[in-house]
Amino acid sequence: MKLDKIITMASAPVRLRLLAMVRSLRATGCQLPVWVIPYSDDADSEFPLPEGCEWRHVPEVSDWVKRIGAHPMTRKYSCFLTANYQYADSDIVFLRNPEEVLLPDEGFVASCGHWRDPSNTMTSQSREMFRRSSTNWQREVFNAGQFACDRPLFENFETLHRVAHAPEHRETCLYPIGDQPGINLLRLVSGVPISNVTLPPVNMESTWAGDYHDEDYERFWRDENRRPYLIHWAGVSMASPRPIHELFYRHLTPAELDEWHAQILTRASSPQGLRPRLQRAKRRAMRAWDALVDG
């Protein structure tokens with residue numbers, strides 16, 4: 001697969017996450033353009049993007065999502081009308097250049113461990129479709145925050161629209177709660193073959209931050225070929241400090257760390273109890289930033 005772009009989604013509340021994601025991508029040597037799908041059309045949703053990034057509006061998709069009342073995250077369906085991309089949610093940090101990692105792959109490529117627990121990847125409707133597709137259908141489900149593909153899943157918006165609105169797909173693709181079941185089903189229906197780099201033959205170590213609990217998390221990455229090329233914080237609270245969060249912190253400036261720290265304290269339900277741990281995490285992150293700048 002020869003990537004020609006990175007796609008993500010953002011709004012003003014995730015600005016710091018996006019900055020860290022893009023900086024981590026550039027640190028791997030990847031200079032591909034970054035297309036940013038706006039989460040909403042609100043006037044204050046967009047913000048100045050880093051160099052090499054652009055807001056990517058696909059009106060036919062965003063107007064459709066708004067008109068039918070689907071979740072704003074389903075704007076990601078616009079990815080299925082293009083080719084040669086890596087999609088990455090804003091709460092991701094890249095560790096290796098996706099251009100190099102995915103070069104040997106073809107078709108649709110996932111990079112998560114949702115095959116271990118597919119419960120959030122489908123609805124009751126789509127579960128039956130997956131079960132009818134294969135006896136080991138679990139290998140075909142994935143996290144909708146990280147995927148890549150070398151071809152469009154659908155030839156045009158009209159085809160995507162027709163498939164999503166089919167009676168047997170509506171409950172899943174027009175899901176009001178999120179995008180993940182719909183994205184999984186649309187990939188299945190498209191017939192584009194899928195592989196997952198956390199499964200054989202690659203067997204990459206987990207790309208989910210929630211699988212790393214202690215200080216020496218990098219001990220799992222001594223084999224460079226199995227080292228994850230990204231880490232995703234999907235569902236992992238940053239308000240609960242854990243060592244792997246430093247992979248994110250190192251891509252923020254000291255001023256941005258202050259801003260992030262303030263956001264976490266504001267969102268936390270018991271900020272006084274969290275404050276000492278967050279302060280320690282902040283000091284570690286500041287040292288990591290200083291080391292990165294000095295190096």
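Quick look at the numbers
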| read-out | value |
| --- | --- |
| All positions within segment 72-84 that are in contact with a Leu (Cβ under 9 Å, 6 or more places away or on another chain) and either surrounded by fewer than 21 Cβ atoms within 10 Å (Cβ to Cβ) or not assigned by TED's automatic domain parsing to the domain that holds GLU140 (or both) | LEU81, ASN84 |
| Candidates ASP117, ASP179 - the one that is among the charged types (D, E, K, R) and surrounded by 14 or more Cβ atoms within 10 Å (Cβ to Cβ) | ASP179 |
| Close pairs from segment 168-181: first closer than 15 Å to ARG127 by Cβ, partner of a type in the set (Phe, Trp, Tyr), Cβ under 9 Å, at least 6 apart | CYS173/TYR77; GLN180/PHE142; PRO181/TYR175 |
| Candidate set: segment 72-120, residues that are part of a helix (DSSP H, G or I) and of a type in the set (S, T, N, Q); chosen: the one farthest from LEU3 (Cα to Cα) | SER119 |
| Yes/no for GLU218 being in contact (Cβ under 8 Å) with a residue 12 or more places away in the chain and part of a helix (DSSP H, G or I) | no |
| Tally, over segment 1-58, of residues that are in contact (Cβ under 8 Å) with a residue 60 or more places away in the chain, part of a helix (DSSP H, G or I) and of a type in the set (Val, Ile, Thr) | 1 |
| Total residues in segment 1-35, condition small (Gly, Ala, Ser) and either over 22 Å from TYR249 (Cα atoms) or surrounded by 21 or more Cβ atoms within 10 Å (Cβ to Cβ) (or both) | 3 |
| Output for segment 191-230, where each listed residue is touching an Asp or Glu at 6+ places or on another chain (Cβ under 8 Å) and of a type in the set (S, T, N, Q) | SER195, THR198 |
| Test result for PRO98, closer than 18 Å to MET9 by Cβ, modelled with pLDDT of 95 or more and loosely packed, with under 15 Cβ neighbours inside 10 Å | no |
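Residues are listed down the side, and each one gets a yes or a no for (1) assigned to a helix (DSSP H, G or I); (2) touching a Ser or Thr at 6+ places or on another chain (Cβ under 9 Å):
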position	(1), (2)
ASN143	no, yes
PHE147	no, yes
GLU155	no, no
THR159	yes, no
ARG162	yes, no
THR172	yes, yes
VAL189	yes, no
SER195	no, no
THR198	no, yes
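The values are calculated or read from the model by the stated rules, or taken from the named source; none is laboratory data. No experiment lies behind these values; they were computed from the predicted model shown. Every residue, glycine among them, receives a Cβ derived from its backbone with ideal geometry; neighbour counts consider all protein chains shown.
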